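**Student:** Dropping a structure here in structure tokens format, bear with me for questions.
The values are calculated or read from the model by the stated rules, or taken from the named source; none is laboratory data. The structure displayed is predicted, hence computed values, not measured ones. No Cβ is skipped: glycine too gets one built from the backbone with ideal geometry, and neighbour counts run over all protein chains shown. For the accessible areas, the whole protein counts, side chains as well, though only heavy atoms, and no ligand, DNA or RNA atoms are used. Shrake-Rupley method; radii C 1.70, N 1.55, O 1.52, S 1.80 Å.
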2 protein chains.
Amino acid sequence: MYTVKVYVTLKPSVLDPQGQAVKDSLHYLDYTGVEDVRMGKYMELQLRASDRGEASKNVEAMCERLLANPVIEQYRYEITEATS
Amino acid sequence: MYTVKVYVTLKPSVLDPQGQAVKDSLHYLDYTGVEDVRMGKYMELQLRASDRGEASKNVEAMCERLLANPVIEQYRYEITEATS
């Protein structure tokens, strides 16, 4: 069993209105030191796979097909072996 | 300037219907090795602060007040010094 942490973020060239809104709200709350906010998604998967290579191959495919939108988003992931 | 990575996740005791939906979709796409999915948020902030202690104090307060809902969510963050 593997624990996979997936981070999906907008590509740097893509506008992030949600991040802009969060930044504005933080400024409104007087956190004026915040210069930029970019929003992303974080997912934690428990994955059954025979080895790390298969896990990695599957995660890559899942990101391309469902978890991220490769047109506007980029992703990275970390795979760690779970104890069970 | 500091780069702050904030990870907001649901507390383990809180049901995650979005994660369940993603898991079901992955099973439908034949990724049946996926045993569990938990969804979270990932934010990247650029923060002006005089030192790491002030940055950390501010991020903590921002998480408690806006970025996370402390009733159902937990958060963690990493602070790295940006080069500029």
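**Student:** Can you run phi through the Karplus equation (6.51, -1.76, 1.60; θ = phi - 60°) for the range A:25-30 and list ³J(HN,Hα) in whole Hz, with x for Gly and Pro?
**Tutor:** Per-residue couplings from phi come out as 5, 5, 5, 4, 7, 6 Hz.
**Student:** Shifting gears a bit: In Å², rounded to the nearest 100, what is the total accessible surface buried by chains A and B against each other with a 1.4 Å probe?
**Tutor:** 2900 Å²
**Student:** If I take R0 = 25 Å and measure r between the Cβ atoms of B:Ser50 and B:Glu73 in this structure, what FRET efficiency does the formula 1/(1 + (r/R0)^6) give, to the nearest 0.05? Don't jump to the answer; show the numbers that get you there.
**Tutor:** On the way: r = 29 Å, r/R0 = 1.15.
Calculated transfer efficiency: 0.30.
**Student:** Which distances, in nm and shortest first, link the B:Glu60 label point to the same label point in every other copy, taking 7 Å along Cα→Cβ?
**Tutor:** So the distances to the same position in the other copies read 4.2 nm.
**Student:** Note down the net charge around B:Gly19, summing +1 for each Lys or Arg and -1 for each Asp or Glu among other residues with Cβ under 14 Å from its Cβ.
**Tutor:** 0
**Student:** Please give the net charge around A:Arg38, taking every other residue with its beta carbon less than 13 angstrom from that of A:Arg38, where Lys and Arg add +1 and Asp and Glu add -1. Don't skip to the answer; put the middle values down first.
**Tutor:** On the way: positive: A:Lys11, A:Lys23, A:Lys41, B:Lys5, B:Lys41; negative: A:Asp16, A:Glu35, A:Asp36, A:Glu73, B:Glu44.
Charge balance near A:Arg38 sits at 0.
**Student:** Can you work out the Karplus-derived ³J(HN,Hα) for every residue in the range A:31-36? Use 6.51 cos²θ - 1.76 cosθ + 1.60 with θ = phi - 60°, whole Hz, and x for glycine or proline.
**Tutor:** With the stated coefficients, the range A:31-36 comes to 8, 7, x, 7, 9, 7 Hz.
**Student:** Go ahead and run the numbers for FRET between A:Ala82 and B:Met1, Cβ-Cβ distance against an R0 of 30 Å, rounding to 0.05. Please report the intermediate quantities before stating the final value.
**Tutor:** On the way: r = 37 Å, r/R0 = 1.22.
So the FRET efficiency works out to roughly 0.25.
**Student:** Ok, one more. Lysine pairs, Cα distance under 19 Å, 8 or more residues apart or cross-chain: how many in chain A?
**Tutor:** So the count works out to 5.
**Student:** Between chain A and chain B, with a rotation axis joining them, whose C-beta in A is nearest that axis, and what is the whole-Å distance?
**Tutor:** Checking which Cβ lies nearest the axis yields A:Tyr42, 2.
**Student:** FRET efficiency for A:Arg65 and A:Ser13, Cβ-Cβ distance as r, R0 = 30 Å, nearest 0.05?
**Tutor:** It comes to 0.85.
**Student:** For A:Glu78, tell me the accessible area in Å² from a 1.4 Å probe, rounded to the nearest 10.
**Tutor:** A:Glu78 has an accessible surface of roughly 80 Å² with all protein chains in place.
**Student:** For chain A, what does the accessible surface come to per residue with a 1.4 Å probe? Please give it in Å². Don't jump to the answer; show the numbers that get you there.
**Tutor:** Working: 4630 Å² over 84 residues.
Here the per-residue accessible area is 55 Å².
**Student:** When the chain is fully extended, how far beyond the present Cα-Cα distance does B:Gln20 get from B:Thr32, taking 0.36 nm per residue of separation?
**Tutor:** Values: separation 12, 0.36 × 12 = 4.32 nm, distance 1.33 nm.
Length gained between B:Gln20 and B:Thr32: 3.0 nm.
**Student:** Hey, another quick one. Show the residues, 5+ positions off or on another chain, whose built amide H is closer than 5 Å to the amide H of A:Glu73.
**Tutor:** The list, which skips near neighbours in sequence, is A:Lys11.
**Student:** Give me the net charge for the shell around B:Leu66: Cβ to Cβ below 13 angstrom, other residues only, Lys and Arg +1, Asp and Glu -1.
**Tutor:** So the surrounding residues net to -2.
**Student:** Further, regarding this structure: Against the longest principal axis of chain B, how steep is helix B:52-62, in degrees 0 to 90 to the nearest 10, with axes from Cα atoms?
**Tutor:** The answer is roughly 50 degrees.
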